[in-house]
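The values are calculated or read from the model by the stated rules, or taken from the named source; none is laboratory data. In this text the structure is predicted, and so the values were computed from the model without any measurement. Virtual Cβ from ideal backbone geometry, glycine too; neighbours counted across all protein chains shown. Just so you know, the surface numbers come from the protein's heavy atoms only, side chains and all, with ligands and any DNA or RNA stripped out. Shrake-Rupley method; radii C 1.70, N 1.55, O 1.52, S 1.80 Å.
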Amino acid sequence: MNPNFLQTPLVYLKGVGPNRAETLKVELGLETFGDLLQLYPNRYLDKTQYYKIGQLKDSGADVQILGKIVHLKTVEQKRGKRLVASFVDDTGQMDLVWFRSHKWIRENIKLNEPYVVFGRVNKYGSIFSMPHPEMELLKVHQAGLKISMQPIYPSTEKLSNSGITNKVISKLIQQLFIETKADFDETLSQSLLEELKLISRADALLNIHFPKSQELLARAQFRLKFEELFFVQMQLLNKKAIRKHKIKGLPFDQVGEKFNFFFTNHLPFELTNAQKRVIKEIRNDMGSSAQMNRLLQGDVGSGKTIVALMCMLLAIDNDYQACLMAPTEILANQHYNGLKELLADMDITVAILTGSVKKSARRTIHEQLESGELNILVGTHAVLEDKVQFKNLGLAVIDEQHRFGVAQRSKLWRKNSLPPHILVMTATPIPRTLAMSLYGDLDISVIDELPPGRKAIKTVHRYDANRLKVFRFIKDEIKKGRQVYVVYPLIQESEAMDYKDLMDGYESIAREFPLPDFQISIVHGQMKPQDKDYEMERFVKGETQIMVATTVIEVGVNVPNASVMIIESAERFGLSQLHQLRGRVGRGAEQSFCILMTSHKLSSDAKTRLETMVRTNDGFDIAEVDLKLRGPGDLLGTQQSGLLNLKIADIVKDNQILKSARYYAMQLLKVDPKLEKNEHLVIRKAYATLVKDKVIWGYIS
Ligand code: ADP
Ligand code: MG
């Protein structure tokens, strides 16, 4: 088939006028024949099977049952009435229920005649009930039985209100198959089809819309999911290959004096095996002649900073400069002070550049960067300004990646004639499943081990009613010389109320922990940055014992003496946020605690989140649970990845298929990187069309 045919605007399909075309575009984003073809059903009603009432489960599933109505009655309820029919088969009895159209039902229903009813069953007490069932007399049902599995398409209220019902969509797709003669081009090679026992694309499309059986439906789904994920992986792997081959990097070919000197004389502790491995991976990367673009994942407290420093030393040993960027001024300062301390009496120059650095000092920094006098620049976004030019930037490290956008990262690339090596560090563990598809074109290093001697943080869940006990516990910890965080949620929508909660909380804590014995800091988003920094500094220096804050403290702050994290209204936080917050404690030698405070009203998801936090400290474990609870849509970075635009595959549920798609894409590119072989031409053609139409999105660079 001429592929352009699928580009035909929907308005040219029989049954679609300008009005319908507009509604389909606005509501479902469908513009062309091809778009409609790829509007896959959300689910199917299986009308091939009949359930017995005695077999019903409380699963909320749609089922089809064969039986008779033996009795009808009207039941009064608070608002209006409901009509209840007793429906029986040879295994039991259930209710059919109507809240509207009573008159019509009463007049048309036939008692004691075989009916086929279809709908969702719920269980109330011991009795099953089906509200507003579809129903047909058995003899009518048998006469009209054509397709056995009825597809249910995505819909919106507007769509059905404007008459574009599920039936209409089904009709339109039928029309599409008629007009295209269902002659859809294959996109996968013969050998893939054979090896994976895939059905052809044309068969798959037919059976996804008009399944002939459960089995063919399953094969159609598998084939289409595989194909979709396969082409996403092709795109990712291609991007990576292009970067490796075309984008020349700065070869750091020596491990020199500074690295070795630091390693032998300044390293304050033995590196963990994970740290050693990661440094080696990075060193190999930077030693090759390709540019490095690497994501370093490591849970909070896993020791990413020292890894960054040692990589920066490698750059300096090769006569390049390095920079380290952090998302906030507080963090940049902490990094700066940390580096100064670690590098004490080594001949390495470090400067800090943030928004609050004075003009004159700033000018000096600019000059020293350009002359090459300065080896390491630590800073915030200020580093990205055009005025900041390096003599020869070799490595840029970005801490806490998610606060920096893609555009900002690409600015770094342009700071040199050849792009510097880039190391992005994140403490937000990305589940392996997701990382593979999301960052498939980045290299990934993982620090999966905490430094030895760390005591696992003890996490407990307490109800608000136990607050006094919690206060007593805090008092004891403070007496031992520890510091405490108390964190309140601040969520945009309910900002005013959240703010009040925070202030109320602050007041009750101030009452319980009075001056002069106790000093309390408070930090929230409505404060001026200077005031925030001032309060933060007091806590960092140990002048205050309690830090009452909103989530502004989430990222990276390091106060090793703080050993208690109290999270108020913990049920309102997401898992990754809870984990990030907990990571603020457990940084020193002392036993640390995290107390999750909640009310008694908890949703089942909230319960799962709290239980997960109490059960484990492992960020990857937590990230996997998070992914299952929320789906990939809400997770970091997915917005940019195009994975949300998957039409049929689900990267969580279809993870096995994803792995296989990645494997076969790799194999293919290995034997035929340019897809020049005859047998691969179909793939090449399909790929070219996809890329041209930007179906697959640009991924992060
Ligand atoms: P993060 O990965 O969260 O950025 P940091 O780099 O801030 O973690 O390290 C957390 C703490 O652990 C720091 O105080 C650091 O000095 C210490 N640390 C890092 N690596 C080791 C190690 N191998 N052995 C002992 N302590 C370490
Ligand atoms: Mg850090």
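Among Ile199, Ile622, Leu423, which residue has its Cα furthest toward the positive end of the charge dipole of the chain, with +1 on Lys/Arg Cβ and -1 on Asp/Glu Cβ?
Value computed over the given set: Ile199.
Out of all DSSP beta bridges with both ends in the chain, state the antiparallel percent to the nearest 5.
Roughly 40 percent of the DSSP beta bridges within the chain come out antiparallel.
Which whole-number value in Å² is the accessible area per residue of the chain, probe 1.4 Å?
Details: 33920 Å² over 701 residues.
Normalised by residue count, the accessible surface of the chain is 48 Å².
Below 29 Å, Cα to Cα, which lysines can Lys528 reach? Residues fewer than 8 away in the same chain don't count.
List returned: Lys340, Lys358, Lys359, Lys387, Lys411, Lys500, Lys541.
For Ser417 and Asp253, compute 0.36 nm times the residue count separating them, minus their Cα-Cα distance, and round to one decimal in nm. Present the calculation step by step, with values, prior to reporting the outcome.
Values: separation 164, 0.36 × 164 = 59.04 nm, distance 1.88 nm.
Gain in length upon complete extension: 57.2 nm.
First check a/c for segment 162-316, with a ≥ b ≥ c the square roots of the eigenvalues of its C-alpha gyration tensor; if it is under 1.5, answer rounded, and if not, answer prolate when a/b is larger than b/c or oblate otherwise.
It comes out prolate by the Cα gyration axes.
Between beta-carbons, use under 13 Å as the cut-off and find the net charge around Gln368, counting Lys and Arg +1, Asp and Glu -1. It would help to have the intermediate numbers written out before the result.
Values: positive: Arg362, Arg363, Lys391; negative: Glu367, Glu370, Glu373.
Surrounding charge for Gln368 is 0.
About the Cα centre of the chain, how large is the charge dipole given +1 on each Lys and Arg Cβ and -1 on each Asp and Glu Cβ? Please answer in debye to the nearest 20. Present the calculation step by step, with values, prior to reporting the outcome.
Values: 95 positive and 82 negative charges, 303 e Å.
Here the size comes out at about 1460 debye.
Provide, for q = 0.07, 0.12 Å⁻¹, the log10 of I(q)/I(0) from a solvent-free Debye sum over equal Cα point scatterers in the chain.
-0.66, -1.31
Note the full-extension length gain between Tyr534 and Glu107 as 0.36 nm times their separation in residues minus their Cα-Cα distance, in nm to one decimal. Could you put the intermediate results ahead of the total?
On the way: separation 427, 0.36 × 427 = 153.72 nm, distance 7.69 nm.
Fully extending the segment from Tyr534 to Glu107 adds 146.0 nm.
Sum -39500 (n - 2.57) across every DSSP H segment of at least 4 residues in the chain, then divide by the residue count to get the 222 nm mean residue ellipticity, nearest 500. Intermediate values should be presented prior to the final figure.
Numbers: 25 runs with 282 residues, N = 701.
Per the formula, -12500 deg cm²/dmol.
Rounded, prolate or oblate, given the Cα gyration tensor of segment 458-616, with a/c below 1.5 counting as rounded?
Since a/c stays below 1.5, the shape of segment 458-616 is classed as rounded.
Can you tell me which of 579-586, 611-618 comes out highest on packing, and rank the rest after it, using the mean Cβ neighbours within 10 Å? Could the numbers behind the result be given before it?
Working: 579-586: 24.4, 611-618: 16.8.
Put in order of decreasing packing, that is 579-586, 611-618.
Of the heavy-atom accessible surface of the chain (probe 1.4 angstrom), what whole percent is carbon and sulfur? Before the final figure, lay out the partial values.
Values: 17410 of 33920 Å².
Carbon and sulfur atoms account for 51 percent of the accessible area of the chain.
Give Lys123/Lys601; Lys57/Lys167; Lys181/Lys225 a once-over and call out the pairs whose C-alpha atoms are over 25 Å from each other.
Too far apart for the 25 Å limit: Lys57/Lys167.
If each residue of separation counts as 0.36 nm, what is the full-extension length gain between Ala589 and Ser288 once their alpha-carbon separation is subtracted? List each step's numbers first, then the result.
Working: separation 301, 0.36 × 301 = 108.36 nm, distance 3.95 nm.
Taking 0.36 nm per residue and subtracting the Cα distance, the gain is 104.4 nm.
Tally Lys/Arg at +1 and Asp/Glu at -1 over every other residue whose Cβ is under 10 Å from the Cβ of Gly249; what's the total?
Residues close to Gly249 contribute a combined charge of +2.
When the scattering of segment 115-253 is computed by the Debye formula from its Cα atoms alone, each counted once and equally, what is log10 I(q)/I(0) at q = 0.11, 0.12, 0.20 Å⁻¹?
-0.68, -0.76, -1.28
For segment 48-146, what percent of Cα pairs sit more than 18 Å apart?
Values: 2127 of 4851 pairs.
Counting every Cα pair in segment 48-146, those more than 18 Å apart make up 44 percent.
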